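Q: Next up is a structure, given as structure tokens.
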Amino acid sequence: MNNEIDTINVGIFGHIDHGKTTLLQKLSGKWTDTHSEELKRGITIKLGYADITIYKDKEEYNIQGKGTPVRQVSFIDSPGHEMLMATTLSGAALIDAAILVVAANEGIKPQTREHLMALKAKKVENLIVVQNKIDLVNIEQAKKSHKEIREFLGEEFKKAPIIPVSAQQEVNINEILKEIVLTPIPKREINKEPIFIIARSFDINRPGTLAKDLHGAVLGGSLKRGTLKIGQEIEIKPGLVKKENNEIRYISIKTKISSLYKGSKKVPELTPGGSMSIETELDMTLGKNDALGGNVAAPIGALPELKKEIKLKYTLFPKVYGASTEAKVEEIKKGETLMLSINTSITGGIVNNSNKNDLGISLRIPSIFFKSDNVGIARNIQGHWRLIGYGEII
Ligand code: GDP
Ligand code: MG
């Protein structure tokens, strides 16, 4: 169903309490998934996302099914209370567009800045800004906050719309739907070798399930390119960690796809766009607690070797955002430890070469990456990993 209409992944970002979860609830109008099947619910809830179809009725957009379906959307919320930088970056690796929520009564806060920087680092170009809680401010304050947001977005995001909204009172939700529909769909490279970025993994079986009814481990994430089909054999890398004679080895995992889900719908084939999951024939316990998050899956033999050395072309931010005080970002020095976010994985490494434009880093854990992948660069500053810039793998 709805196979012809485009699907996009939209991430929701912003400072704590600015209304992200409330907005997501209003945008998705509770769970649109009315099927009671445990499995479907399990996947939807564990992935922390909601799927909707946006319909167009004359010039109005809605999620209630009026008019014709025009777009499928998978929303990804920021889990937990204070979203960790690492989570933000992994989330940003999966999305096509972002909604940045800024409460009109509070304005730009440290996490607002930090999240915008994460979007920059991961090259997320499609941005919709929601100026939320307009019910709490008067017209003057609303105008002032609008101006502040516009200046904050700067040249790079000067085309981003700023929509005044009250999520709580459901004011202007339809304008957001409209902007989502107007967001350009990135080019989907379906004819290339598939690459599935694993963000999460889980065991979807309920306690007490009979052995014959058990489901295999499920991988949640995003297909970057290509297509995947039921029955296809895949390989997961880096895979399992094995310690032998004080040496750590990685063993890639091979398995077969037993079912595929786009959002919470079962599909015979996956194409890029939207949140998705792969049910495998792997022992369910292998997937527990996101154990396979940060891995990459592809047809057997298609993935590159694990690498311990990485080379980046990079750019530093002028300041460190996210903390209450904004210090200048110091140059990267040889020998220092950095944290890199590559696709959905986070990897520490030591700088072995640092020039004005490029960096060489020895990774602590070997990793799977591809040329021109976007990388977030974080440094530990007073006990917190702070994003200080971004790079591109060369
Ligand atoms: P999150 O931390 O960004 O996910 O924020 P929540 O969605 O949990 O919202 C934080 C608080 O702000 C909750 O008490 C919401 O009810 C409230 N809130 C969210 N949106 C609005 C709004 O548009 N107006 C007002 N007045 N309160 C809101
Ligand atoms: Mg929340």
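The values are calculated or read from the model by the stated rules, or taken from the named source; none is laboratory data. This one's a predicted model, so the numbers in the text were calculated from it and none came from an experiment. All Cβ positions, glycine included, derive from the backbone under ideal geometry; neighbour counts span all protein chains shown. Note: accessible area is taken over every heavy atom of the protein model, side chains too, but ligands, DNA and RNA are not part of it. Shrake-Rupley method; radii C 1.70, N 1.55, O 1.52, S 1.80 Å.
Q: Given the residues Leu359, Leu303, Leu338, Leu312, which is the only one that is outside any strand (DSSP E or B) and among the aliphatic types (A, V, I, L, M)?
A: On the way: Leu359 fails: outside any strand (DSSP E or B); Leu338 fails: outside any strand (DSSP E or B); Leu312 fails: outside any strand (DSSP E or B).
Just a single option satisfies the conditions, and that option is Leu303.
Q: Let me ask something additional. Any idea which of (1) open to solvent by less than 10 Å² (accessible area, probe 1.4 Å); (2) over 30 Å from Leu23 (Cβ atoms) is the one Ser275 doesn't satisfy?
A: So Ser275 meets the others, but not (2).
Yes or no, residue by residue, for (1) in a strand (DSSP E or B); (2) touching a His at 6+ places or on another chain (Cβ under 9 Å); (3) open to solvent by 70 Å² or more (accessible area, probe 1.4 Å); (4) hydrophobic (A, V, I, L, M, F, W, C):
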{"residue": "Ile108", "(1), (2), (3), (4)": "no, yes, no, yes"}
{"residue": "Met117", "(1), (2), (3), (4)": "no, no, no, yes"}
{"residue": "Ile128", "(1), (2), (3), (4)": "yes, no, no, yes"}
{"residue": "Lys143", "(1), (2), (3), (4)": "no, no, yes, no"}
{"residue": "Glu148", "(1), (2), (3), (4)": "no, no, yes, no"}
{"residue": "Lys159", "(1), (2), (3), (4)": "no, no, yes, no"}
{"residue": "Gln168", "(1), (2), (3), (4)": "no, no, yes, no"}
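Q: So, in segment 58-102, exactly how many residues are touching a Leu at 6+ places or on another chain (Cβ under 7 Å) and at pLDDT below 90?
A: 5
Q: State all residues of segment 96-124 that are of a type in the set (Lys, Arg) and more than 20 Å from Ile163 (Cα to Cα); if no residue qualifies, say none. Steps first, please.
A: Just the residues of segment 96-124 that are of a type in the set (Lys, Arg), to begin with: 109, 113, 120, 122-123.
Hits for segment 96-124 are Lys120, Lys122, Lys123.
Q: When you go through Ile365, Ile346 one by one, which is the residue that is part of a strand (DSSP E or B) and closer than 30 Å to Thr7 by Cβ? Explain how you work it out, then say what you get.
A: Numbers: Ile365 fails: closer than 30 Å to Thr7 by Cβ.
Residue meeting the stated conditions: Ile346.
Q: Still on this structure, please answer the following. Only one of (1) at pLDDT 95 or above; (2) at positive phi fails for Leu359. Which number is that?
A: (2)
Q: If Val181 satisfies all but one of (1) surrounded by fewer than 20 Cβ atoms within 10 Å (Cβ to Cβ); (2) part of a loop (DSSP other than H, G, I, E, B), what's the number of the condition it fails?
A: Checking Val181 against (1) surrounded by fewer than 20 Cβ atoms within 10 Å (Cβ to Cβ); (2) part of a loop (DSSP other than H, G, I, E, B), the one that fails is (2).
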